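Structure first, then comments.
The values are calculated or read from the model by the stated rules, or taken from the named source; none is laboratory data. Bear in mind the structure is a predicted one, so any value in this text is a computation, not a measurement. Counting neighbours? That spans all protein chains shown, and the Cβs are built from the backbone with ideal geometry, glycine included. Just the protein is used for accessible areas: all its heavy atoms, side chains included, with ligands, DNA and RNA removed. Shrake-Rupley method; radii C 1.70, N 1.55, O 1.52, S 1.80 Å.
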Amino acid sequence: MSKAPRSVGIVEAQRAVFDEPLALSSGATLPQFELMYETYGRLNADRSNAILVCHALNASHHVAGVYAGRPDSEGWWDNMIGPGKPVDTERFFVIGVNNIGSCFGSTGPMSVNPATGQPWGSDFPIVTVEDWVDGQARLADRLGIERFAAVMGGSLGGMQALAWATRYPDRIANALAIAAAPNLSAQNIAFNEVARAAIMTDPDFHEGHFYAQGVKPVRGLRVARMIGHITYISDEQMGEKFGRQLREGIKYSFDPEFEIESYLRYQGEKFSEYFDANTYLRITKALDYFDPARATGGDLAKALAPAKARFLVISFTTDWRFSPARAREIVKALVDNRRDVSYAEIAAPFGHDAFLLDTPQYHAIVRSYLERAVA
Amino acid sequence: MTLVTRSDFSTIAGWVAPSARVLDLGCGDGSLLAYLRESRGASGYGIEIDDAGVLASIGNGINVIQSNLESGLAGFDDQSFDSVILSQTLQAMRHIEELVAEMLRVGREAIVSFPNFGHWSHRLQVLNGRMPVSKSLPYEWYNTPNVHLCTVADFDAFCARRSFHVLERVVLRDGRRVSMLPNFLGSLAIYRFRRS
């Protein structure tokens, strides 16, 4: 029997500096870049037990554990990763990495543009999922990892796992794409566009060069996050959690009266304090652009043909942003290519956010898959 | 994880070509696919709706796709498998005609096994005015998942009416082949057929 699951404990972020330029999908080039990352567990002698964890929209390299002296700083996927957890750090060497263009220390719009000595701001290039994966591959090189036991992620992180499988087929044994889609639907792009419009029309946005003005487009960021939040949870879950509950009764005012209003405002407020507007714009764009089948005339099977990895695809029944039907498109394309793939559709009421929660069947599937696939 | 071997496994394995591509509908814990992988070098996928089955299949290293067979096999292209197998699941399906049609769409051959309702002990129980309960039909009428029980003669007629070409038919009792009065003495029937 395995021991009771526990936290990886105190962790420290590290920084890797890359002086070789990185060519981006847009045609632009990053002259040099830095990646923040964290690692948990120990790399084995033949370097075959590494798992790369890719983050989604608002997360970072801080995947598991806590920072010293900050007990509330738990990593975003701490319930999944740790000793005795589904991604068991007693067996695996787990890497969390912050993507290029993000605002948690890796090179992004808040970094200094070497050409001007000023923060990049809106001059920072637009990056894609493929660019992120290329950056992550450089980090793998740096850490001496020729081939990952697995690359995994939820939502946008699952898209990165897919991109890894096709872009570096020999460098990944297993791909775990959770709550992912082969591309965004028009409705999804529409939500992203509303979020971007909220940010870009905020008077404090200053065309993306707001750092120099000493302001932040917090109002836009708040609205962007509120929109996002509505789409991450299910109608059912929202109804159950908030219903039509009022805080203090009807007051005939525009102050937050319904509980859901106050919840959304709180989420927006919190988010705008730590997230960067230029990063939000770029990450939503990366989501919108991701579409491996664009290069193959819409044929997803053809797009995934180069992949050699074994796949685990997971979706959640009430996720309407990345619905089970979209996950099944990935599965079908893999079956068409005769790839090894398993697919689990988890009954969970939590909408898209379910990938961050610990529904027993979900965690059992990930645990069992990794135990078996990476024996 | 210990794998169970059901009595139809070896017959089915004998009908699956070496290195065949197979699709196992209602694969449970993946035992049959694991057996076919071991004995025939077969590969493919299992389809299972039940959470526990999906989890067990993954634990057994089987490619399993969680899906409801009643909604068809839309995720699979025409004639993309050598054999599509429905092992002891037919009797629990609602839309049998549609499912069998789907099996023959995605597979070159279909292999179907089911408990034979015509076994003498079932007939005897019905004669005595009770719904049959036996080793092959272990449920009471009120808790059975089985909604479409049939006999060997019924399935023969089903295939004949649709002009399916029955390539092989084996009827077993306690894992042994029954050649005399199969519809009376056999408890498990296994068919291999294709479109004619």
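Taking amide H as placed 1.01 Å from N in the peptide plane, residue A:11 has its amide H under 5 Å from the amide H of A:66, A:67, A:68, each at least 5 places away in sequence or on another chain. Spacing of the modelled spin labels on residue B:135 and residue B:196, each 7 Å from Cα toward Cβ, amounts to 3.5 nm. With N the number of residues in the range A:116-244, Rg(Cα) / (2.2 N^0.38 Å) evaluates to 1.34.
Sites count as exposed loop sites when they are trypsin sites (Lys or Arg not before Pro), lie in a DSSP loop, and have at most 15 other Cβ atoms within 10 angstrom; the longest stretch of chain B without one is B:1-93. Normalised by 2.2 N^0.38 Å, where N counts its residues, the alpha-carbon radius of gyration of the range A:89-168 equals 1.23.
Given R0 = 30 Å, the distance between the Cβ atoms of residue A:116 and residue A:189 translates into a calculated FRET efficiency of 0.40. Available extension along the chain between residue A:70 and residue A:3 is 21.6 nm, counting 0.36 nm per residue and deducting the alpha carbon span. Its Kirkwood hydrodynamic radius, worked out from the mean inverse distance over all distinct Cα pairs, puts the range A:312-375 at 12.3 Å. The distance from the alpha carbon centre of the range A:234-280 to that of the range A:42-93 is 30 Å, rounded to a whole number. Across the range A:229-362, C-alpha contacts under 8 Å between residues 6 or more apart give a mean separation that, scaled by the residue count, equals a relative contact order of 27 percent. Summary: within chain A, the longest segment free of chymotrypsin sites (Phe, Trp or Tyr not before Pro) located in DSSP loops with at most 13 other C-beta atoms within 10 Å is A:1-251. For residue A:259, the solvent-accessible surface computed with a 1.4 Å probe is close to 60 Å², ligands and nucleic acids excluded.
The Kirkwood radius of the protein assembly as shown, taken over pairs of alpha-carbon atoms, gives through the Stokes-Einstein law at 10 °C and 1.306 mPa s a diffusion coefficient of 61 µm² s⁻¹. Centre-to-centre, using Cα atoms only, the range A:143-197 and the range B:144-196 are separated by 47 Å.
Sites listed here are trypsin sites (Lys or Arg not before Pro) in the range A:1-40 whose DSSP assignment is loop and whose Cβ has at most 11 other Cβ atoms within 10 Å: A:3, A:6. Among the GluC sites (Glu not before Pro) in the range B:74-141, those placed in a DSSP loop whose Cβ has at most 15 other Cβ atoms within 10 Å are B:140.
Counting only residues at least eight positions apart within a chain, or on another chain, the lysines with an alpha carbon under 21 Å from that of residue A:285 are A:216. The coefficient of translational diffusion for the range B:97-196, derived via Stokes-Einstein from the alpha carbon Kirkwood radius under 10 °C and 1.306 mPa s, stands at 111 µm²/s.
Panel note: the C-alpha atoms of the range A:1-63, placed on their principal axes, show extents of 52, 32, 20 Å (largest first). Cα-based radius of gyration for the range B:132-182, normalised by 2.2 N^0.38 Å, reads 1.38.
Evaluating kT/(6 pi eta Rh) at 10 °C and 1.306 mPa s, with the Kirkwood radius of the range A:40-110 over Cα pairs in the Stokes-Einstein relation, gives 123 µm² s⁻¹. In summary, the lysines within cross-link reach of residue A:251, defined as a Cα separation below 27 angstrom excluding same-chain residues under 8 places away, comprise A:241, A:270.
Across chain A, the relative contact order, built from alpha-carbon pairs under 8 Å that are at least six residues apart, equals 17 percent. Per-residue shielding of A:341-349, expressed as the average number of other chain Cβ atoms within 10 Å of the residue Cβ, stands at 5. Amide H contacts for residue A:341 (H built 1.01 Å from N in the peptide plane; partners 5 or more residues away or on another chain; cut-off under 5 Å): A:311. Label point of residue B:39 set 7 angstrom out along Cα-Cβ; within the range B:146-179, amide nitrogens under 20 Å from it belong to B:167-179.
Taking a point 7 Å out from the Cα of residue A:12 in the direction of its Cβ, the residues of the range A:79-99 whose backbone N falls within less than 19 Å of it are A:94-98. Considering helices alone, the calculated mean residue ellipticity of chain A at 222 nm is -10500 deg cm²/dmol, with DSSP H runs of length four and up weighted by -39500 (n - 2.57) and normalised per residue.
When only the Cβ of Lys, Arg, Asp and Glu is charged (+1, +1, -1, -1), the dipole of the range A:262-375 relative to its Cα centre reaches about 400 debye. Restricting the calculation to Cα atoms, every distinct pair contributes to the Kirkwood radius of the range A:1-127, found to be 15.9 Å. Can you pull the one-decimal nm distance between simple spin-label points at residue B:127 and residue A:215, each 7 Å off the Cα toward Cβ? About 9.4 nm, to one decimal. When shorter helices are ignored and each DSSP H run of at least 4 residues is given -39500 (n - 2.57), the per-residue value for chain B at 222 nm works out to -8500 deg cm²/dmol.
For the range A:95-156, run through the trypsin sites (Lys or Arg not before Pro) and keep only the ones in DSSP coil with at most 16 other Cβ atoms within 10 Å of their Cβ. Sparse-neighbourhood loop trypsin sites (Lys or Arg not before Pro): A:147. Here is the tail figure for the range B:58-119: Cα pairs spaced more than 16 Å apart come to 51 percent of all pairs. Placing dummy labels 7 Å off each Cα toward the beta-carbon, the span from residue B:96 to residue A:20 is 6.4 nm. Taking the C-alpha atoms only, the angle from helix B:31-40 to the longest principal axis of chain B is near 70 degrees.
On a C-alpha basis, how far is the centre of the range A:338-375 from the centre of the range B:75-126 in Å? Whole number, if you could? Cα centres, the range A:338-375 to the range B:75-126: 29 Å.
Note on residue B:168/residue A:358: beta-carbon distance plugged into 1/(1 + (r/R0)^6) with R0 of 41 Å gives a FRET efficiency of 0.25. Give the calculated FRET efficiency between residue A:317 and residue B:147 to the nearest 0.05, with a Förster radius of 22 Å applied to their Cβ-Cβ distance. E between residue A:317 and residue B:147, to the nearest 0.05, is 0.35.
The gain in end-to-end length when the residue A:28 to residue A:259 segment is fully stretched comes to 78.6 nm, 0.36 nm per residue minus the alpha carbon separation. Measuring nothing but how far apart in sequence close Cα pairs (under 8 Å, 6+ apart) lie, relative to its length, chain B scores a relative contact order of 19 percent.
This model, with +1 at the C-beta of Lys and Arg and -1 at the C-beta of Asp and Glu, gives the protein assembly as shown a dipole about its Cα centre of some 1740 debye.
Going by the alpha-carbon gyration tensor, a ≥ b ≥ c the square roots of its eigenvalues, is the range A:231-309 rounded (a/c under 1.5) or, if a/c is not under 1.5, prolate (a/b greater than b/c) versus oblate? Because a/c hits 1.5 or more and a/b exceeds b/c, the range A:231-309 counts as prolate.
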